[in-house]
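Right, one structure below, let's go through it.
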Amino acid sequence: MMTPLPFMLTFFRPHIEFERDGSDSLWYNQDMAAETDNVPTYALYGENQPLPLEDFFHCETIAVRSQRYNWEISPHLHPTLSQMLFVARGEAEVQLDKARHVVRGPVLVCVPTDIVHAFRFSGDVVGFIVTVSRDFLESLGRHDILRKRMKEAAFHHPTPESVRGLLQIGRQLLAAEHDRFDPDGHKLHRSLAEAWLRLAIRPAVPPAPTGGTIAQKFLALVETNYRAHKPLPWYAAQLNCTVRTLTRQSEQAFGMPPLRIINRRLTLEASRMLRASNMSCGTVAAELGFEDPSYFSRFYLQKTGKRPSAEKRKGA
């Protein structure tokens, strides 16, 4: 059981101080219940449209939403969603019910369902916020550690290894957001989100002896090597397993073989670069490790049904 971190809470109006005992986590005191009358409720902050909550996950950068609101997210709550905030760099002022905190990255903040919360971020903040439905958490086993941890408001500091993994898997999860409602893309998106959340809570539990499953390690390798077009035997060698084992574990975890995951990552990055940058199609091909621009064009057409030039015009 994790015990309180020393935190001096000195911003906003109240002055609150927690006991000092040298641990690496601060857990929320459930007696500090805020008044919820007149506090707005949202699906996602600022949005009121209903969400498909049975198996819902969502990931975005901190900046993409908070920048719209001058880096300040006002007090609100989510009746059916829990969130994990990951501040990799920068500073945040965090309100959880009546408790208020100043934190500096790298830090993780768990915000359970039905807790009034608010954030104010520094302009240089880097990180993600991952949202998960209560229905999904309730579908996990009673003793599942993710289900337990996501019900407890908490702060903890990830290890450097966990920070690297959270950034790597987080980038893949962001790329997969585009296809999260697609039947083929949903299982990959769900698996990435669950892997990210389980890594996020790792400081709260003893690390697994294996350091993660082969499928989870494969995702981290893909994130750092997909532009190099490494063959499957290379990935298997890095993971100390056979291609057959890698394929089986990938299909069990993500519903698709490893080569398809690599190609989807390449396709998602190509789509992002074509739409969001001023680079030519040939330059995008080179950036993604394709020596022949015409082969890149055929690859992209096969995976998306569109030529890179059409994607480029769409993003213009």
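Read the figures in this text as sums done on the coordinates, not as results from a lab. Small disclaimer: the values here were computed from a predicted structure and weren't measured. No Cβ is skipped: glycine too gets one built from the backbone with ideal geometry, and neighbour counts run over all protein chains shown.
Of K151/K217; K230/K303; K187/K312, which ones are farther than 25 Å apart at the Cα?
K151/K217; K187/K312
Can you tell me how much longer the chain between T213 and H229 gets when fully stretched, taken as 0.36 nm per residue apart minus their C-alpha distance, in nm with one decimal?
Length difference between fully extended and current span is 3.5 nm.
Once Rh for region 208-316 is found with the Kirkwood sum over Cα pairs, what is the Stokes-Einstein diffusion coefficient at 4 °C and 1.567 mPa s, in µm²/s?
87
Using 0.36 nm per residue of separation minus the Cα-Cα distance, give me the extension gain between A310 and H178 in nm, one decimal.
45.7 nm
Between the DSSP loop rule and a limit of at most 12 other Cβ atoms within 10 Å, which GluC sites (Glu not before Pro) in region 258-316 are left?
For GluC sites (Glu not before Pro) across region 258-316 that sit outside H, G, I, E and B with at most 12 neighbouring Cβ atoms in 10 Å, the list reads E291.
Let me check against my output: what whole-number percent is the relative contact order of region 208-316, with C-alpha pairs under 8 Å and at least 6 apart?
That works out to 22 percent.
Counting Lys +1, Arg +1, Asp -1, Glu -1, what net charge surrounds E72 among other residues with beta carbon under 12 Å of its beta carbon?
+2
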